[in-house]
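The values are calculated or read from the model by the stated rules, or taken from the named source; none is laboratory data. This is a predicted model, so every value here is computed, not measured. Using ideal geometry, Cβ is built from the backbone for each residue, glycine included, and neighbour counts are taken over all protein chains shown.
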Ligand code: OGA
Ligand code: MN
C-alpha cells in the first residue's frame, strides 16, 4: 500500500509545480534571463485534486500590485489558497482580506453572553480560548454555537448578501485533530448528469443560521435573535463570472427550497451535500501555526474536524469578505 498523506487526493499532483506570473511588459527581458524579482511570481503547489493550492514564499504584509494581481488570478482558479509561514497582526490580516472586498463585522451579537474583546471588529474569534486565555467551559454558549462549524457549510450564506471569501489564520493549533476540510462545489456540480444539473438550476434555497444550529440540537434563541436570523433566499446553482464556471451553492444552513415540501427539500439537500463531500471532492487542511487559508465561499463548503478541545487550545482568527449582492 502506498502511504497516504494527510491531504486527501493530493497524491497525483504532488510533483506538479505551476508558476503563475503577471509580468509588466518591460520586465519580459529580465524574466527571460531568469532573474525576475521573486516578488512578481507566485509558486503554486496544487492540492486536493487541484481545486486548491499552496503558495510558497509570499509575505502577505508586503504584496506588490503585480503579486496581488497574481493572487487574484490564482484565486479564481483555485478555490482554496494556503499561505504558510505568515506573521500577521489582526490589522495585517484584515488589510489582506479587504483586497477582495468589504469585510463583514464579526458576529459578536450572537455571542453576547460571553462576548470577548480580544478581537478587532472585523475579525471573528474561531477559538476555544476566552479572554483570560483559558479554555472554554463546557457550558459556554460560544462553545455550543461553534459546534455547528463541524457541519458542512459555507460562511454567511444565511445573510442576504453572503460571504465571498474567508481568510482564516492559525495562531495556536492542537497537536492532533482540529483540521479544516474543504469540499469542491464546482467539481461536484460538473460531476452531476446534465439532466440533474438542469433540474437544480432554477431552484432557490432558504438559508438561516438557525437551521445549522438546530441540526446540532441547539435551539435556545431569543426572540430578537430569531428575528435577526430570518431565512434568506439563495440560488442552489450559481454561475461565477470570474472563473466562467457553474457551482453548487450548498450549506447546512439551508432549511428549505421554494416550491418543495420540507421533507423532499431536506432530502434533496442532504443528498447533494453527500454527493459533494465524497473523498474525490475533498481537501483536508492540517494546520500549522502561521498558515493563512483563503477560501472562496461561493464554490466550496468547509467544516472543522474534531479535536480534544478540553485538553488543547486552538486559536484561529477569521476575516470574512462580503459578496456584492444576493444570489437571486
Ligand atoms: C470558520 C470555520 C472551521 C474550523 O471559521 O468559518 O468554519 O476548522 N472554521 O475552525
Ligand atoms: Mn465557517
Query raised in the report: Are there any pairs, at least 6 apart or on different chains, whose C-beta atoms fall under 6 Å, with the first in region 307-328 and more than 26 Å from residue 94 (Cα to Cα) and the second within 13 Å of ligand 1 (Cβ to nearest atom), and if so, which?
Result: 307/174; 307/177; 307/178; 309/128; 312/174
Query raised in the report: Is it the case that some residue within region 176-189 is out of contact with any strand residue (DSSP E or B) (no Cβ under 8 Å at 6 or more places or on another chain), under 25 Å from residue 326 (Cβ atoms) and surrounded by fewer than 19 Cβ atoms within 10 Å (Cβ to Cβ)?
Result: no
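Quick grid of which residues meet (1) out of contact with any strand residue (DSSP E or B) (no Cβ under 9 Å at 6 or more places or on another chain); (2) crowded, with 19+ Cβ neighbours inside 10 Å; (3) modelled with pLDDT of 95 or more:
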| position | (1), (2), (3) |
| --- | --- |
| 225 | yes, no, no |
| 249 | no, yes, yes |
| 260 | yes, no, yes |
| 263 | yes, no, yes |
| 266 | no, no, yes |
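Does region 164-184 hold any residues that are under 17 Å from residue 78 (Cα atoms) and either within 14 Å of ligand 2 (Cβ to nearest atom) or without any contact (Cβ under 8 Å) to a residue 12 or more places away in the chain (or both), and which are they? Give the steps one after another, and end with the answer.
In the first step, residues of region 164-184 are kept if they are under 17 Å from residue 78 (Cα atoms); the result is 164-168, 180-184.
Correct list: 164, 165, 166, 167, 168, 180, 181, 182, 183.
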Requested in this report: Could you list, in sequence order, all residues of region 120-136 that are buried (at least 17 other Cβ atoms within 10 Å of the Cβ), more than 10 Å from ligand 1 (Cβ to nearest atom) and over 16 Å from residue 307 (Cα atoms)?
Outcome: 122, 123, 130
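Inside region 172-282, counting only strands (runs of 3 or more DSSP E) that do not spill past its ends, which hold 3 or more residues that are under 21 Å from the mean Cα position of the chain (by Cα)? Full working, then the answer.
Numbers: elements: 180-184, 204-207, 232-235, 237-240, 245-248, 254-257.
Because the criterion is at least 3 residues that are under 21 Å from the mean Cα position of the chain (by Cα), the strands (runs of 3 or more DSSP E) in region 172-282 that meet it are 180-184, 204-207, 232-235, 237-240, 245-248.
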Report summary line: Considering region 59-86, residues that are modelled with pLDDT under 95 and part of a loop (DSSP other than H, G, I, E, B), and then whichever is surrounded by the fewest Cβ atoms within 10 Å (Cβ to Cβ), we arrive at 62
Requested in this report: Determine which member of the set 134, 146 is away from ligand 2 (no atom under 16 Å from the Cβ) and either without any contact (Cβ under 8 Å) to a residue 24 or more places away in the chain or within 29 Å of residue 284 (Cβ to Cβ) (or both).
Outcome: 134
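Given the condition out of contact with any strand residue (DSSP E or B) (no Cβ under 7 Å at 6 or more places or on another chain), within 22 Å of residue 251 (Cα to Cα) and within 11 Å of ligand 1 (Cβ to nearest atom), answer yes or no: does some residue in region 150-171 qualify?
Pass one, region 150-171, residues out of contact with any strand residue (DSSP E or B) (no Cβ under 7 Å at 6 or more places or on another chain): none.
No: region 150-171 contains no residue that is out of contact with any strand residue (DSSP E or B) (no Cβ under 7 Å at 6 or more places or on another chain), within 22 Å of residue 251 (Cα to Cα) and within 11 Å of ligand 1 (Cβ to nearest atom).
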**Report entry** Any chance residue 290 is in contact with a strand residue (DSSP E or B) (Cβ under 8 Å, 6 or more places away or on another chain), at positive phi and assigned to a loop (DSSP other than H, G, I, E, B)
**Finding:** yes
Report task. Out of the residues in region 296-306 that are part of a loop (DSSP other than H, G, I, E, B) and within 13 Å of ligand 1 (Cβ to nearest atom), state the one that is surrounded by the fewest Cβ atoms within 10 Å (Cβ to Cβ). Result -> 306
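Determine, yes or no, whether residue 309 is in contact with a strand residue (DSSP E or B) (Cβ under 9 Å, 6 or more places away or on another chain), within 12 Å of ligand 1 (Cβ to nearest atom), over 30 Å from residue 235 (Cβ atoms) and at pLDDT 95 or above.
Working: in contact with a strand residue (DSSP E or B) (Cβ under 9 Å, 6 or more places away or on another chain): yes; within 12 Å of ligand 1 (Cβ to nearest atom): yes; over 30 Å from residue 235 (Cβ atoms): yes; at pLDDT 95 or above: no.
So residue 309 does not fit the description; no.
Pick from region 137-149 the residues that are away from ligand 1 (no atom under 14 Å from the Cβ) and in contact with a helix residue (DSSP H, G or I) (Cβ under 7 Å, 6 or more places away or on another chain): which of them is modelled with the lowest pLDDT?
Of region 137-149, the ones away from ligand 1 (no atom under 14 Å from the Cβ) are 137-141, 144.
Next, only the ones that are in contact with a helix residue (DSSP H, G or I) (Cβ under 7 Å, 6 or more places away or on another chain) stay: 140-141.
Numbers: 140: 78, 141: 72.
Here the answer is 141.
Residue-wise test of (1) within 27 Å of residue 159 (Cβ to Cβ); (2) at pLDDT below 95; (3) surrounded by 15 or more Cβ atoms within 10 Å (Cβ to Cβ); (4) within 10 Å of ligand 1 (Cβ to nearest atom).
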| position | (1), (2), (3), (4) |
| --- | --- |
| 281 | yes, no, yes, no |
| 286 | no, no, yes, no |
| 294 | yes, no, yes, no |
| 320 | yes, no, yes, yes |
| 325 | yes, no, no, no |
Requested in this report: Quick one: residue 93 ticks every box in (1) modelled with pLDDT of 95 or more; (2) part of a loop (DSSP other than H, G, I, E, B) except a single one, so which number is it?
Outcome: (2)
